[in-house]
Structure formats: C-alpha cells, structure tokens
Amino acid sequence: MEKFVKLNFLGAAGVVTGSKFLIETSEKNILVDCGMFQGLKELRELNWENLPIDVPSIDVVLLTHGHLDHVGYLPRLIKQGFKGKIKGSAPTLAIAEIILKDSGKIHEEETEKANKEKYSKHNPALPFYTIKDAENTIKQFEIAQVDKWIPLSEHMSYRFQYNGHIIGSTFIEIDINAKRYVFSGDIGRRNDYLLKDPKKPEWADVLCIESTYGNKLHPEENVEDVLIAIVLETLQKNGNLIIPSFAVERLQTLMFLLWKLYKENKIPNIPIFVDSPMGNNVLDVFKRFPEWHKLAREDYNAMCNHVNIIRSYKETWETIDDRRSKIIIAGSGMVTGGRVLTYLQQLIDEPSTTVLLVGYQAEGTRGRQLLEGAHEIRFFGKYYPVKATIKSIESLSAHGDQQDLLDWLSDIKNVPEHVYLIHGESSALDAFRVKLKDKYNWNVTIPKLTDVEKLWI
C-alpha cells in the first residue's frame, strides 16, 4: 500500500473560527477539532454545508479544547455519517458536553422565536441542531489520558499536553511514520489568574499554530486598576455594568477578580449577578477538576458565595427591574446570542449603562461592532440605539499574544519542515509569518479554507 499523508484545512484557515483539520493517511484518518464558524455571515452560512470530504472514513476526532469554535460542528459531523470516538481530556469533554447541550437549546429557542415572529427568511426556520442531536454526539465521547502516547495504528500514535487557555485545554502531537505533527489548539497565557503556564512542544516536523494575536502584544494595563475604575464610575452614575462574557474561563476569572477586589477593600460590595446557565455548569467543572487550575477550594467556595447566580429567566427580569447599581455578567462573550441580549435590549440605550468587552471580538460579531463604535446594533429582528459607554479590557483575553506564542515555540529543538499559521485574521497571520521568518527563518505557509497539502508520499 502506498504511504501518504494529506492535511486538509477545513476551518480556521485564513479566519479565526471553525477549527477543523483532517489528516488522511494510508492507515487512519484523524480529524483535529470540529468547530462551528462564527462571525461573518458568509462564514456562518458555511456551517450549513456538508464537509467536502468523506466523513464516514474519519476514524477518530481529537479535541484540543471545548470551545464552540472547536467542538460546535460535532452534531453535524455525526449526521454526515461519523461513527468513531471523539477524544479529549476529561475537562474538555465535560465542557464540550455543556456547550453542545446549551448550543442545541439556543438553536431550538431561536428557531421557535424566528418562526413565531416571522423574522427569518426561511419558512420554516430549522435549528442547526437540537438538544437530542447534542445528546447523541456525547455518546461518542471517550476520555483520553493527558501526557501519555496513545497508539492508533502500527505507525501512528498521539498525545495530549496541557496548554492553558481554558480548563482542559491541550495541544496535540501526532506521530505518523516517525514524523511529528503538532496542533497548537489555542495557546494560553503565562501568569494567568486561574491556569498554570502552558507546556511547550520540543519537536515538530509539521506545525499548525494559532495566530489570533500574532500581530499584537497585550497592553501592559493593570486589569485590577481598570476594573476598580469602571466599577466606581458605574456606582457614581447609579448605572449598570454589563459584561458580556464567555462562559468558560472568562466568567470564572471575572468572578475571581471581583471577589478578590472586594476582599481587599478595593471596591464596595456592589451586587454581582451571573446570568449564564452554561457558566454555572462550567463552575462545576472547576470543582470537579481541581488539578487543572490554581484556585484553592476555599477560595472557589468564597468566590461562588460572593455572587448571585441567576437560575431562571424570571430571575433575569427581576435583575433588570432591580433599580440598584449592579454588575451583570452574562453570555455570550462576542454578543452573538445568549442572555446578555435581553439585558442589552433593556439597558443599552441608557447613558448610565457601561458595557465592558473582555475578550477577542471576531469579525462580524456584535461585540466587534460595539468595539468599533457602532451607534446601533441589531438583534431579535430590530435595531437598538447604543447610548451606553463601551469599554474593553484586552489583557483579559485567554489567548496568548505574539510574545506568548514565540515563547511557546522556544523549546522546539529542530527546524520544522512545514509551519502552517491558522486561527487568525489576515493581518495577524501575515505579521506572525514575517516575525517567524525573521526570528527562526522557518518555512511558513498561510493556508486558505479547503486547501489540501500532500506530505511525504
């Protein structure tokens, strides 16, 4: 049998979202990540198309971590005939289960609302997938040990290694015929509040590395000082501070920081409401996997007791009607959906409201529009004027910046034969390509969506 390796870039190529990389070989076929596209409409529309590959021929899916843009396409993959195991670290699969069920529920609710209010061009509108589809997907999950080589066939094995970013997050090394393929996943930051520093690869013949902040250094701002100033300003205006937040990691970091600042008498005891059913479930993942983060059990309990966790839609409206100055943390982080839209619908046209953006805002998202100064945003089929103050803290991002990425590469002992820059917008990709060329003189490629690279025939 002829030996070959083909690398298919099915997502996160030339764009940040939709992470999917298929390795085809003469022995086994591996899909690394299976994410949904988010952001720009032309990307979101790709989600509805079947993948341009033979899906039933995929033997296994390996997940770097549990974010939607890395796992959100899994139910569609199964509908297209994938029958194998979906493997990842224990916390990654716990997060993926939460995210897929929540996503299925949101798809069902939004479809019902669109059909009822007739604002969809599709008649009837259909959910991208349902809760039932998500539950069927979860049946194919299998926990993989971290830091251990797992054989897949005679000449193939793989290993998951800790890389920060979110709880459970890993990079993946795959050995094929004595060549090592490294997929970075999303690389976390050093000196994170909750997570340990990422481990680093020591060898890579073929390297696929994320480049989300390939052109940037996170600002040297003191996050705690910025938060203190924003909280005090909110109290002074007798307003509301709305923080759209990713349910995984960012929400827990914000809870930790606000509790820490209160404990140190740096902010008053302002009411804090956490309205993210998914975020509440992720808090439980932190409790279940203490070895994956730095938070002591007593600090975890104190942090949870300090906030008001909203458990029903009725409580959402009670929070909106509460006239006190308060902090509301709600999903989703890029304002693409979730409970935060209900708060914005009621409060974004009030000058006393502050909206604080605390992570990467992908092109085409409402979060990016707010960041860039939009005077109105559209959701639920209507336009809402933006009279609130919009602020952002870039240095709370869970992605490493250019220096973190370079540091992550610093232990690689060989010169990789192929380096592919993925998971970035074009300006970030190109800047990082130039930086790697200057620093290491590596042969760097920026693949496009659906590109196929044939290696070592």
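The values are calculated or read from the model by the stated rules, or taken from the named source; none is laboratory data. None of these values were measured; they are calculated from a predicted model. All Cβ positions, even for glycine, are placed from backbone atoms using ideal geometry, and neighbour counts span all protein chains on display. The protein model used for the area step is the full one, side chains on, heavy atoms only, and it has no ligands, DNA or RNA in it. Shrake-Rupley method; radii C 1.70, N 1.55, O 1.52, S 1.80 Å.
List of remarks:
- Residue pairs whose Cβ atoms lie under 7 Å apart, separated by 6 or more positions or on different chains, with the first residue in the range 220-247 and touching a residue at least 60 places away in the same chain (Cβ under 8 Å) and the second assigned to a helix (DSSP H, G or I) and of a type in the set (Gly, Ala, Ser), are Glu221/Ser395; Val223/Ser395; Pro244/Gly367; Ala247/Gly279.
- When Glu376, Glu394 are checked against the criterion of being open to solvent by 30 Å² or more (accessible area, probe 1.4 Å), over 24 Å from Lys20 (Cβ atoms) and without any contact (Cβ under 8 Å) to a residue 40 or more places away in the chain, Glu376 stands alone in meeting it.
- Test for Val60: is it in contact with a Phe, Trp or Tyr (Cβ under 7 Å, 6 or more places away or on another chain), open to solvent by less than 10 Å² (accessible area, probe 1.4 Å), of a type in the set (A, V, I, L, M) and at pLDDT 95 or above: no
- Residues of the range 17-35 that turn out to be free of Cβ contacts under 8 Å to residues at least 60 places away in the same chain and among the hydrophobic types (A, V, I, L, M, F, W, C), as a count: 3
- Residue that is nearest to Val206 (Cα to Cα), among those in the range 417-436 that are crowded, with 20+ Cβ neighbours inside 10 Å and among the β-branched types (Val, Ile, Thr): Val419
- Taking the conditions (1) within 21 Å of the chain's Cα centre (by Cα); (2) at positive phi in turn, Tyr129 satisfies each one other than (2).
- Qualifying residue in the range 403-416 (condition: more than 23 Å from Phe171 (Cα to Cα), surrounded by 14 or more Cβ atoms within 10 Å (Cβ to Cβ), within 19 Å of the chain's Cα centre (by Cα) and not charged (D, E, K, R)): no
- Options Glu298, Glu264: the member that is acidic (Asp, Glu), closer than 26 Å to Ser325 by Cα, open to solvent by 40 Å² or more (accessible area, probe 1.4 Å) and more than 25 Å from the chain's Cα centre (by Cα): Glu264
- Pair list, Cβ under 8 Å, 6 or more apart: the range 344-356 residue part of a strand (DSSP E or B) and at pLDDT below 95, other residue open to solvent by less than 30 Å² (accessible area, probe 1.4 Å) and among the acidic types (Asp, Glu): none
- One residue stands out in the range 437-457 among those that are assigned to a helix (DSSP H, G or I) and in contact (Cβ under 8 Å) with a residue 24 or more places away in the chain: the one that is least open to solvent (accessible area, probe 1.4 Å), namely Tyr440.
- Inspection of the range 99-110 finds no residue satisfying the criterion of being at pLDDT 95 or above and part of a strand (DSSP E or B).
- Only a single item in (1) modelled with pLDDT of 95 or more; (2) at positive phi is not met by Trp456, and it is number (1).
- Failed item, numbered, when Asn115 is tested on (1) over 20 Å from the mean Cα position of the chain (by Cα); (2) under 25 Å from Ile78 (Cα atoms); (3) open to solvent by 20 Å² or more (accessible area, probe 1.4 Å): (2)
- Taking first residues from the range 165-187 that are under 19 Å from Lys294 (Cα atoms) and partners that are of a type in the set (D, E, K, R) and open to solvent by 10 Å² or more (accessible area, probe 1.4 Å), the Cβ contacts under 7 Å between residues at least 6 apart in sequence or on separate chains come to Ile187/Asp404.
- The number of residues in the range 194-220 that are closer than 30 Å to Asp275 by Cβ and open to solvent by 60 Å² or more (accessible area, probe 1.4 Å) comes to 1.
- Residues located in the range 138-158, provided they are in contact with a strand residue (DSSP E or B) (Cβ under 7 Å, 6 or more places away or on another chain), open to solvent by less than 40 Å² (accessible area, probe 1.4 Å), closer than 30 Å to Glu109 by Cα and not in a loop (DSSP other than H, G, I, E, B): Phe141
- Residue match in the range 327-341 (condition: buried (at least 19 other Cβ atoms within 10 Å of the Cβ), polar (S, T, N, Q), at negative phi and not in a loop (DSSP other than H, G, I, E, B)): no
- Some residue of the range 71-80 being without any contact (Cβ under 8 Å) to a residue 40 or more places away in the chain, more than 21 Å from the chain's Cα centre (by Cα) and closer than 22 Å to Phe21 by Cβ: yes
- Residues of the range 118-137 that turn out to be in a helix (DSSP H, G or I) and either among the β-branched types (Val, Ile, Thr) or open to solvent by 100 Å² or more (accessible area, probe 1.4 Å) (or both), as a count: 3
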